[in-house]
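Working notes, beginning with the structure itself.
The values are calculated or read from the model by the stated rules, or taken from the named source; none is laboratory data. What you are looking at is a predicted structure, and each value in this text was computed from that prediction instead of being measured. Cβ placement follows ideal geometry from the backbone for every residue including glycine, while neighbour counts extend to all protein chains displayed. For the accessible areas, the whole protein counts, side chains as well, though only heavy atoms, and no ligand, DNA or RNA atoms are used. Shrake-Rupley method; radii C 1.70, N 1.55, O 1.52, S 1.80 Å.
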Amino acid sequence: MGAIVLSGLALVLALALALPSVALENGLARTPPMGWMSWERFRCNVDCQADPRNCISEQLFFEMADRLAEDGWRELGYEYINIDDCWSAKQRDAAGQLVPDPKRFPSGIKALADYVHARGLKLGIYGDLGIFTCGGYPGTMLEHVKQDAETFAAWGVDMLKLDGCYSSAEEQAKGYPEMARALNATGRPIVYSCSWPAYQGGLPPKVNYTILAEICNLWRNYDDIQDSWDSILSIMDWFFTNQDVLQPAAGPGHWNDPDMLIIGNFGLSYEQSRSQMALWTVMAAPLLMSTDLRAISPGAKEILQNRLMIQINQDPLGIQGRRIVKEKSCIEVFLRPLSQAASALVFFSRRTDMPFRYTTSLAKLHFPEDAVYEVQDVYIGKIIGALKTADNFSVIINPSGVVMWYLRPMELLTQPWHVVRQQAPSKGFHPALL
């Protein structure tokens with residue numbers, strides 16, 4: 001066992017030295033991708049006889065494409081319709097090619113892509129760098145990487161999520177960069193989502209985020225999201241506990257992916273739904289909904305279609321935010337620097353008792369001295385007023401809820417400020433004037 005581990009590490013190191021030459025450089029995902037993905041809500045439901053409305057079939061994707069196109073999602077930036085696992089037949093065809101399940105996808109993936117494209121949307125698909133996918137369908141072994149990339153391109157696919165079930169560390173170290181090369185070689189722009197770091201613990205030394213950013217447009221770092229508040233908290237805790245490693249890795253064309261938005265499903269309260277949207281936005285996370293858009297509630301839709309929230313998420317600077325305060329009172333504060341010297345602040349309560357009044361100042365949050373900001377409440381929408389850095393203010397935060405502000409400087413700062421990307425705070429986080 002020890003010899004195998006050592007050889008695997010040696011292979012990873014050798015590949016690491018060679019990888020800068022395989023940089024993805026596809027010019028895609030300059031802001032976090034937005035759209036819809038099947039997995040969390042619809043999983044691997046393939047029983048179309050018993051559950052035709054909710055099984056993984058072309059009909060489900062046709063209908064979700066219609067909803068994105070007709071219900072105001074597309075205009076806000078939600079453009080990807082992403083097929084996850086369990087779409088394919090149980091075996092490759094005689095030519096070794098992946099083929100969709102003939103009963104559930106009788107029109108074929110190319111026809112589905114054409115349907116999606118005709119509605120001004122893009123199609124994503126799922127593969128797995130292993131002998132099987134996580135759901136037990138044919139995977140993409142190393143000898144199939146080039147062929148599968150060419151197949152996806154020929155079908156008109158616009159995004160590939162490549163999972164890592166049933167593959168070794170050595171196979172992943174070779175296969176993920178190889179797929180980046182193969183996708184580039186097709187000549188078709190295909191956003192590349194890698195699950196590689198999630199299978200290697202998500203952290204150095206097993207994960208090299210500098211190299212990963214040269215290979216993938218986005219990557220899953222951690223556990224799959226489930227339809228529960230506990231799952232949200234687990235993901236959030238991991239990401240912000242490890243923010244010194246993760247935050248500098250994100251930027252235009254390469255994003256950390258804490259997994260899908262579960263707003264509109266069954267496991268979150270209204271307050272918790274607002275919290276997920278705000279926290280994913282401050283993390284510069286992809287906004288990939290996994291809910292039934294045919295039956296989404298007005299409240300969930302309002303959260304997901306918040307224009308100012310989406311504007312913040314899609315900020316062109318692409319700087320991932322950080323947790324800057326963690327109080328004994330179970331209140332946490334998060335900051336994301338934005339273009340034009342603006343900022344997003346999220347005040348989050350882990351409390352479970354009652355609304356909490358939290359008092360602080362922008363000075364305590366290390367904003368530049370002698371500045372004045374126009375403050376807008378992201379969820380209410382109204383402009384609260386002007387706030388000087390030295391002014392104390394209070395926000396009332398509901399249990400498991402958030403207050404989110406968008407701050408624009410009213411008096412031009414001598415220089416724009418933003419987070420020092422590599423900074424590792426000690427006792428407190430100190431944004432710097434640059």
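Worth a mention:
- Close contacts from the range 370-387, counting a first residue that is over 14 Å from L308 (Cα atoms) and a second that is of a type in the set (S, T, N, Q) and surrounded by 12 or more Cβ atoms within 10 Å (Cβ to Cβ), with Cβ to Cβ under 7 Å and a gap of 6+ residues or different chains, come to D370/T389; A371/T389; I384/Q376.
- Of all residues making up the range 316-336, the number that are open to solvent by less than 10 Å² (accessible area, probe 1.4 Å), in a loop (DSSP other than H, G, I, E, B) and of a type outside the set (V, I, T): 3
- A residue that is of a type in the set (D, E, K, R), open to solvent by 20 Å² or more (accessible area, probe 1.4 Å) and within 17 Å of the chain's Cα centre (by Cα) can be found somewhere in the range 260-281.
- Some residue of the range 95-107 being at positive phi, open to solvent by 30 Å² or more (accessible area, probe 1.4 Å) and touching a Lys or Arg at 6+ places or on another chain (Cβ under 8 Å): no
- Condition met for L19 (open to solvent by less than 40 Å² (accessible area, probe 1.4 Å), part of a helix (DSSP H, G or I), more than 26 Å from W229 (Cα to Cα) and modelled with pLDDT under 95): yes
- Verdict on D244 being buried (at least 23 other Cβ atoms within 10 Å of the Cβ) and of a type in the set (D, E): no
- Selected residue (criterion: farthest from S88 (Cα to Cα)) from residues of the range 121-155 that are part of a loop (DSSP other than H, G, I, E, B) and open to solvent by less than 10 Å² (accessible area, probe 1.4 Å): L121
- Flag if D114 is open to solvent by 60 Å² or more (accessible area, probe 1.4 Å) and out of contact with any Ser or Thr (no Cβ under 6 Å at 6 or more places or on another chain): yes
- Here I225, I211, I215, I232 are screened, and the one residue that is touching a residue at least 40 places away in the same chain (Cβ under 8 Å), crowded, with 19+ Cβ neighbours inside 10 Å and either of a type in the set (K, R) or within 30 Å of A95 (Cα to Cα) (or both) is I215.
- Members of the range 156-190 that are open to solvent by 20 Å² or more (accessible area, probe 1.4 Å), closer than 22 Å to G136 by Cβ and small (G, A, S): S167, S168, A169
- Listed by first and then second residue, the pairs with beta-carbon distance under 7 Å, at least 6 apart or on different chains, first residue in the range 42-70 and of a type in the set (A, V, I, L, M, F, W, C), second part of a helix (DSSP H, G or I) and open to solvent by 20 Å² or more (accessible area, probe 1.4 Å), are F62/Y115; A65/Y115; L68/R74.
- Positions within the range 191-208 being open to solvent by 10 Å² or more (accessible area, probe 1.4 Å), of a type in the set (G, A, S) and touching a residue at least 12 places away in the same chain (Cβ under 8 Å), in sequence order: A198
- Only listed residue being open to solvent by less than 20 Å² (accessible area, probe 1.4 Å), part of a loop (DSSP other than H, G, I, E, B) and at pLDDT 95 or above, chosen from A295, A300, A285: A285
- In the range 341-357, the residue that is farthest from D315 (Cα to Cα) out of those that are among the aliphatic types (A, V, I, L, M) and assigned to a strand (DSSP E or B) is V346.
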